[in-house]
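Working notes, structure below.
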Amino acid sequence: MTEQELHERIRAAVSDVDLADTDIPGIDLYLDQILSLVADKNASSSPRYRERALTKTMINNYSKDGLISPITGKKYSRSHIVEMLLVYALKNTLSIEEIKRVLTGVREECGFTGDDMIRAYHQFLSIKEGNRQRAGEVVSAMLSADTLDTTNDYDFFLSLLDILSLSAYLKEIGREMLESRYKDLAVREQEIREREEQEKREGKEQAGAEKRERKAKKVQEKAERKMAKLETLLTPDETAE
């Protein structure tokens, strides 16, 4: 493979086209409308990306698995659409469970609102565009530093291994980062159960304390009424005595 052919392949590999947040209407949309928007945008991607269409089943699964925030009715807001686009962008690198861990952590641990997600997605697309430009530069620099010539079959094979090894390391670095920041979902669920059980115990203890307090108050009031009644029965002389 000549250097020119390599660069053509690199351009094809990074020629995906994203649906920008500014392309999403400010009104809630039905699922079919969202799929139409994404498909229209994706039509100008390279063939490898056109084959990776976002489908109704995928979005339903994202919703069912808790990857996107719960919706009301059958329409999705801009922030819902951004969440599903982020899942779509990450699923080729991370597992569904890892993506859920990230998005759940962002929403619940970091307190991201829908507007925060939209702003982050907007900036992510800008960063991603920069990565499209850098990808070819990084590959050329790597192969040059490792003195590999892709016109040679042996070096071509090593070039492929070279690129894939870097990709694997970058992927693992990303995983290390997410694991260090966002809680494991099983740990999160266990903490939620423990918190609910603790709240239940505290509720029972509070209810028991209030019940005992009411009982003590009734006993006190009864004793006071009995004493008051006894005092009314006593004559002044008897009281004096």
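Values quoted throughout were computed directly from the atomic coordinates according to the rules given, and no laboratory measurement underlies them. Remember, it's a predicted structure, so these values are computed and weren't measured experimentally. Neighbour counts are summed over all protein chains in view; Cβ atoms, including those assigned to glycine, are modelled from backbone coordinates with ideal geometry.
The alpha-carbon of LYS204 sits under 16 angstrom from the alpha-carbons of these aspartates and glutamates, leaving out residues fewer than 8 places away in its chain: GLU194, GLU196, GLU213.
Taking the Cα centre of the chain as reference, the dipole from Cβ charges on Lys and Arg (+1) and Asp and Glu (-1) amounts to some 1240 debye.
Listing THR104, THR150 from fewest to most neighbouring C-beta atoms within 10 Å gives THR104, THR150. Counted by neighbouring Cβ atoms within 10 Å, the residues ASP116, ASP155, ASP146 run from fewest to most as ASP146, ASP116, ASP155.
Reachable aspartates and glutamates from LYS215, Cα under 16 Å, same-chain residues fewer than 8 places away excluded? LYS215 reaches GLU205, GLU224.
Rg of the Cα atoms in the range 1-95, relative to 2.2 N^0.38 Å, amounts to 1.23. Cross-link partners of LYS64 among lysines, defined as those whose alpha carbon lies under 22 angstrom from its own and excluding same-chain residues fewer than eight positions apart: LYS56, LYS74, LYS75, LYS91, LYS100, LYS183.
The alpha carbons of the range 186-240 give a radius of gyration and a Dmax of 23.6, 78 Å, in that order. Taken over the alpha carbons of the range 46-117 as equal point scatterers, the Debye sum produces base-10 log I(q)/I(0) values at 0.20 Å⁻¹ of -0.86.
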